[in-house]
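For reference, the structure discussed in these notes is given below.
The values are calculated or read from the model by the stated rules, or taken from the named source; none is laboratory data. Just so we're clear, the structure is a prediction, and the values are computed from it rather than from any experiment. With ideal geometry, Cβ positions are generated from the backbone for all residues, glycine too; neighbour counts draw on all protein chains shown. All accessible areas refer to the heavy atoms of the entire protein, side chains included, with ligands and DNA or RNA removed. Shrake-Rupley method; radii C 1.70, N 1.55, O 1.52, S 1.80 Å.
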Amino acid sequence: PRWPVRVVNRMPGVSWMAMMIEQNPQPMAALFHFSNGALTEIRSYLKIADSTQVTVVVAAAGRFYGLRRFITVVGNCV
């Protein structure tokens, strides 16, 4: 199954956001590019095989920002 993931960013000038899931075979889960002034809210369904760290990296106004959260997967998801 796939799990719903939502990321909301309120910083101005965001050009892209990336989500990475550490415990999956392919850690890069998603990369989103935004036009100038675009709403930077992401809602996606991602396959997450096991409880893991999820990292979001944001490029905004020439700088990079990141945030990590531990996601607990309950039940058999493979």
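A few points about this structure:
- For segment 4-14, backbone phi angles converted through the Karplus equation (6.51, -1.76, 1.60; θ = phi - 60°) give residue-by-residue couplings of x, 10, 10, 10, 10, 10, 10, 7, x, x, 6 Hz, Gly and Pro being listed as x.
- Taking amide H positions as modeled 1.01 Å from N, with prolines and chain starts lacking one, the residues under 5 Å from residue 3 and 5 or more places away or on another chain are 46, 47, 48.
- Relative contact order of the chain: 36 percent, from C-alpha pairs under 8 Å at least 6 residues apart in sequence.
- Tail weight of P(r) past 19 Å, computed on alpha-carbon pairs of the chain, percent: 35
- Here the chain has 55 percent of its accessible surface on carbon and sulfur atoms, given a 1.4 Å probe and all protein chains in place.
- With all protein chains kept in place, the per residue accessible area of the chain amounts to 70 square angstrom at a probe of 1.4 angstrom.
- 5 angstrom amide H check on residue 30, placed H, neighbours 5+ away: 19
- Amide H within-cut-off set for residue 22, under 5 Å, with H built and near neighbours excluded: 53, 55
- Longest exposed-site-free window of the chain, the sites being trypsin sites (Lys or Arg not before Pro) in a DSSP loop that have at most 16 other C-beta atoms within 10 Å: 11-46
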